[in-house]
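These notes concern the structure reproduced below.
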Amino acid sequence: MVLLVSTMAFDIPGIIERYRQGFFLMADDDCSLGWYSSVQRTLIPLDERFRYPRSLQRVLNQNRFSEAVDWDFSAVVAGCANRDSTWISTDLQYLYHALHEAGYAHSFETWQDGQLAGGILGIVIGGLFIGESMFFNISEGSKVAMVKLVEHLRSQQFQLFDAQIMNPHLARFGAYTISDQDYQQQLQKAVLQPCLF
């Protein structure tokens, strides 16, 4: 990853424009926010390449979880940030809430017996969903959220699910990397699609 600029001079239109250009926000060790870019980008497939473990299919068949959009956005942001080591600083949490108020940031959640089981935090621009982070309170909660989110994005005809950085957890869902050049081509098409989250 490459740090492009570190600044706190943010405004909503400026933030969205940077995301439209393929950059993403992270907090450094000193909690200062910066825009980052990467030579490779990780995508979650929205076609037949999307997959998940057989054990998760058994959980899905049990219908233990229900899903919702933006029922408790604040709790999802807090859950994503609540780790021993996190890049979601207090300032970034504030910005996510501002983006949510402006209609760009959303949470896709799973619930079990009235308790928030897990969730995925993301930014939506046209037909692009940028997965910022995910968490769980109940085992399998975030995994079920991933499957149901992909189904939701497909139903709304989203073009791109950007997961930013590869990790072993994402790889289990068929995540793959592409060059920044290829990503830019797909990105510019996706943000122009009139999709509703």
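The values are calculated or read from the model by the stated rules, or taken from the named source; none is laboratory data. Predicted model, so just to flag it, every value in this text is computed and none were measured. Here Cβ is always computed from backbone atoms with ideal geometry, including for glycine, and neighbour counts include all displayed protein chains.
Hey, does the range 145-160 have a residue that's under 12 Å from F197 (Cβ atoms) and part of a strand (DSSP E or B)? The answer is no, given that none of the residues of the range 145-160 is under 12 Å from F197 (Cβ atoms) and part of a strand (DSSP E or B). Beta carbons closer than 9 Å, at least 6 apart along the sequence or on distinct chains, pair a first residue in the range 42-62 that is closer than 9 Å to G174 by Cβ with a second that is among the charged types (D, E, K, R) and part of a loop (DSSP other than H, G, I, E, B) for P45/R51; R51/R172; Y52/R172. A Cβ distance below 8 Å, combined with a sequence gap of six or more or placement on separate chains, defines the contacts here; from the range 73-86, residues that are among the aliphatic types (A, V, I, L, M) reach residues that are in a helix (DSSP H, G or I) and surrounded by 23 or more Cβ atoms within 10 Å (Cβ to Cβ) in the pairs V77/Y96. Pairs are defined by a Cβ separation below 6 Å, a sequence spacing of at least 6 or placement on different chains, a first member in the range 127-156 that is more than 15 Å from D47 (Cα to Cα) and buried (at least 20 other Cβ atoms within 10 Å of the Cβ), and a second member that is at pLDDT 95 or above and among the basic types (K, R); no pair meets this definition.
In the set (1) crowded, with 22+ Cβ neighbours inside 10 Å; (2) touching a Ser or Thr at 6+ places or on another chain (Cβ under 8 Å), the condition left unmet by I165 is number (1). Candidates are the residues of the range 166-196 that are of a type in the set (G, A, S) and over 18 Å from L153 (Cα atoms); the one that is modelled with the lowest pLDDT is A171. For the range 87-140, residues that are assigned to a strand (DSSP E or B) and over 15 Å from the mean Cα position of the chain (by Cα) total 5.
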